Structure formats: structure tokens, C-alpha cells
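Please read the structure below before turning to the comments.
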Amino acid sequence: MKRHPAYQLYTNLLKASLVEPREPAACPEPRVDPARLLEAAKRKFGDGLVCGLAPESLAWLLRVNARGADTLAPPAQLDVLQFCLETAVEESIPGDVIEAGCFRGGQCVLMAGVLKALGAEDRRIWAADSFAGLPQPDAIEAPDDAVFYDLLEPIGRFRSSPDEVQRTFHRYGLLDDRLRIVAGWFRKSLPAAGIGSLALVRLDATFCRSTRDALDILYPKLSRGGFLICADYAVPTGARRAVDEYRLEHGIEEHLVEIDGQGVLWRRKE
């Protein structure tokens, strides 16, 4: 469907703003040597788990996080999220939208902005996060997650707060009663939140256990035709394992669509 130029202008500016540093001068480069972090991880966990990790990739993550962008997602993931939201509205797929692992709230802001611009303000935006950083994984059960848990310590393991999410929404003029913040570990917080049907689920939970907990609770609520996005499927952590195991156990055969070499999505048929 052809969109009004003003809509295209607004959503393009919104996406560009979300990935830009908020206050570049106030966000210095991280004083951490990625190569030393990786060497320490090799000594602790062994070369086999760490050999595929590049210092350049870790340096990029540390640098982007230090600059305070509202989302760490690559631009292609924002484009895909927008497309999924537009499709859900056009096809009248019932339900709200949610991100499990919302961090500072940038992706949820995009959800709110796109839905408002489309006139679909009857859908709530659920922003779920532990707000305590990533959960400590079991090094025996999930050694790949244990490696990243150590590597991400210098940046607080993506710790944020509900207040920070609200401030992010406020900066974009989108803080209203559509926003629902769910705080706590997913296994306990999501079932107690009162979430109904969903048109879109975005998972950015990084680790196997947290990704699986979110799938177990949220996927049954996803409407037919709704979108499931796993933002970190190809990251060398346990998110992919959680998705693959869940799909196998539940006979989900919908085609996985690669987003950007990092994330994937599929649409629920049944």
C-alpha cells in the first residue's frame, strides 16, 4: 500500500533518531580492551566456545552501548519491524504488540509511533524486561550464554529501568496509556501481566532460558497471521537453540525469514 509522504518522513526520522547517540559528547568510548576480554574468556571457558567471537564485533557492541542510542538493533531490523506492524494493521490481525527484552525501549517506541501514525491507537505496547540485566546462566546447561554473560559485564549486561523506558517514550512524545511496562524475570512477570492476544511478538532476550520462557508464555497468545521476531537468532548465544527447540517440540513448520544475518521472523499459520 502506498503511504502518504508525511508518514514516510515521520517513520524514517523516527528510525534514524532511535539508532543515533542521544548525547555523543557525554558518552565517551568504553575504556575496555575487547581483545583482553576475549583472552580472559578463553582462559576461563576454553578456545572452543570463544574462538568464533571477533574483537571487532565486541568492540562495536561496547561502543554503541556507550553512546546511549535508544536501540542497539541494526537499521534493517527497524525496517522489518515497521513492515510487520503495517501488515498487522492492514490485515486486521488482532492483538497488542510486545517486546520481551526491551532494554531502553527504542523498539517499543517504534511500535508506538508506527501504530499511532497508522491510526491504530487501540493496540497496547507491552515493554517487558527484567530491568536487572541479563540473567546469570548455568555454565553447564548454557556455556555459550555463560561466555557472553562475562563479556557483557563492562556494559552492565543491558541493565536498564522502567523509568528509562518511560523517559525514552517521553522524548518522542509517545508516552501515553498504551504503554504497559512488565518488570521482572519472564517466567514470573509475563504470566502475571494480564497480556491478551498479540499481533506481534519481538524477542530480544539473548539467552536460551529467557528466550524459551518468553516463547512458552507469549507464543500461545500470538494470533493467526501474527509475527514472531527473534532479534538475536544468529548471535552466538542460546537464543537460537531456544527457538529451534520450541519450534521442533510444537511442530512449527512456518518458514524462517532471515532479516539481516542476525534476526529471523515467521508468521503463525495455526
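Identify the residue in the range 1-26 that is part of a loop (DSSP other than H, G, I, E, B), among the basic types (Lys, Arg) and closer than 20 Å to GLU90 by Cβ and, among all such residues, is modelled with the lowest pLDDT.
Narrowing the range 1-26 to residues part of a loop (DSSP other than H, G, I, E, B): 1-4, 20-23.
If we keep only those that are among the basic types (Lys, Arg) as well, we get 2-3, 22.
Retained after the next criterion (residues that are closer than 20 Å to GLU90 by Cβ): 2-3.
Working: LYS2: 75, ARG3: 83.
Of everything passing the filter in the range 1-26, LYS2 is modelled with the lowest pLDDT.
With respect to being assigned to a helix (DSSP H, G or I) and farther than 23 Å from ARG247 by Cβ, ASP177 falls outside the description.
Pairs meeting the criteria (first residue in the range 95-124 and within 20 Å of GLY263 (Cα to Cα) and without any contact (Cβ under 8 Å) to a residue 40 or more places away in the chain, second residue crowded, with 24+ Cβ neighbours inside 10 Å and not small (Gly, Ala, Ser), beta carbons under 8 Å, at least 6 apart or on different chains) are lacking.
Of the residues making up the range 240-266, those that are buried (at least 17 other Cβ atoms within 10 Å of the Cβ) and in a strand (DSSP E or B) are VAL264, LEU265, TRP266.
In the range 193-212, the residue that is surrounded by the fewest Cβ atoms within 10 Å (Cβ to Cβ) out of those that are of a type outside the set (A, V, I, L, M) and more than 20 Å from GLY95 (Cα to Cα) is ARG209.
Specify which of the listed residues (PHE131, PHE169, PHE148) is aromatic (Phe, Trp, Tyr) and at positive phi.
Among PHE131, PHE169, PHE148, only PHE131 is aromatic (Phe, Trp, Tyr) and at positive phi.
For the range 219-233, a residue qualifies if it is modelled with pLDDT under 95 and out of contact with any Asp or Glu (no Cβ under 7 Å at 6 or more places or on another chain), and exactly one does: TYR233.
Only one of the numbered conditions (1) touching a helix residue (DSSP H, G or I) at 6+ places or on another chain (Cβ under 6 Å); (2) at pLDDT below 95; (3) of a type in the set (Val, Ile, Thr) is violated by ILE125, and that is (2). When ASP232 is tested against (1) touching a Lys or Arg at 6+ places or on another chain (Cβ under 9 Å); (2) without any contact (Cβ under 8 Å) to a residue 12 or more places away in the chain, only condition (2) is not met. For the range 232-239, the condition holds for no residue, the condition being that it is within 18 Å of GLU86 (Cα to Cα) and in contact with a Pro (Cβ under 9 Å, 6 or more places away or on another chain).
The set of residues in the range 128-151 that are of a type in the set (Gly, Ala, Ser), modelled with pLDDT under 95 and buried (at least 21 other Cβ atoms within 10 Å of the Cβ) contains only ALA146. All of (1) at pLDDT 95 or above; (2) crowded, with 22+ Cβ neighbours inside 10 Å; (3) of a type outside the set (Gly, Ala, Ser) hold for THR237 with one exception: (1). In this structure, GLY225 qualifies as surrounded by fewer than 21 Cβ atoms within 10 Å (Cβ to Cβ), at positive phi, touching a strand residue (DSSP E or B) at 6+ places or on another chain (Cβ under 9 Å) and not in a loop (DSSP other than H, G, I, E, B).
The values are calculated or read from the model by the stated rules, or taken from the named source; none is laboratory data. Quick caveat, the model's predicted, so the values are computed rather than measured. Positions of Cβ are backbone-derived with ideal geometry, glycine not excepted, and every protein chain shown enters the neighbour counts.
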